[in-house]
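The values are calculated or read from the model by the stated rules, or taken from the named source; none is laboratory data. Just so it is clear, the model here is predicted, and its values are computed rather than measured. In this analysis, Cβ positions are derived from the backbone assuming ideal geometry, glycine residues included, and neighbour counts consider all displayed protein chains. Surface accessibility is based on the protein's heavy atoms, side chains included, excluding ligands, DNA and RNA. Shrake-Rupley method; radii C 1.70, N 1.55, O 1.52, S 1.80 Å.
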Amino acid sequence: MTADRPPVLARHGEALDLFTERVHAVRADQWDAPTPCTDWTVRDLVNHLTAEQLWVPPLLRDGATVDSVGDSFDGDMLGPDPVASWDTAAAASRAVFREPGALDRAVHLSFGETPATFYCGQMTTDLVVHAWDLSRAIGADETLPDALVDFSLGEISPYAEELAKSGLFDPPVEPPPGADAQTRLLSMVGRRDGPRAPGAAAVGG
């Protein structure tokens, strides 16, 4: 068992729990609300994260490639019950990452063969950032747990300059002087962690 295995699995589980908590907080009238992610509604955002979790079993358990999976998880993965669809996908992702030997494997991602530990860390960071997006969209508490912020900063910092080029996140913004860790993390991925603007998408009260 490698030394980094407990931390990455712990953080991954915490990130799944955080996003799940936010999904369960979405009101029926909020699924079409806008989010900080350009052109994505709340439903689009949750659908994106659901599809990401659905990729985990074929990539990590079955050794599939991006090409062999193809468009299996394109389009609407939420159906008539978005919360249940998320819960099912999240449970499957969690279970596969915790299988014996899972983190010793490699996965075939769009940019090549990658250690499963990196994949797990990448998935964790994506959940953390998008949990903030979802929180802002529905008016939930935007404070991210310190352990998840610190973990995500450690994951992103080595390749922060490449994020904007990848198209996965918006270009970074300059954090204010003396910014805390959460603000610095969000700034790296193009978010402004400040008061909501008048008329912004926070409709959750």
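Number of residues in the stretch 89-107 that are open to solvent by 20 Å² or more (accessible area, probe 1.4 Å) and within 16 Å of the chain's Cα centre (by Cα): the value is 3.
Restricting the first member to the stretch 69-91 and to residues that are farther than 19 Å from ALA28 by Cα, and the second to residues that are assigned to a loop (DSSP other than H, G, I, E, B) and open to solvent by 30 Å² or more (accessible area, probe 1.4 Å), the beta-carbon pairs closer than 9 Å and six or more apart or on different chains are ALA89/MET77. At least 2 residues being of a type outside the set (Ser, Thr, Tyr) and over 13 Å from LEU185 (Cα atoms) is the threshold, and among the helices (runs of 4 or more DSSP H) wholly inside the stretch 76-173 those reaching it are 82-97, 116-138, 160-166. Counting the residues of the stretch 113-141 that are open to solvent by 30 Å² or more (accessible area, probe 1.4 Å) and out of contact with any strand residue (DSSP E or B) (no Cβ under 7 Å at 6 or more places or on another chain) gives 5. In the stretch 174-192, of all residues being in a loop (DSSP other than H, G, I, E, B), open to solvent by 20 Å² or more (accessible area, probe 1.4 Å) and among the charged types (D, E, K, R), the one that is nearest to ASP150 (Cα to Cα) corresponds to ASP180.
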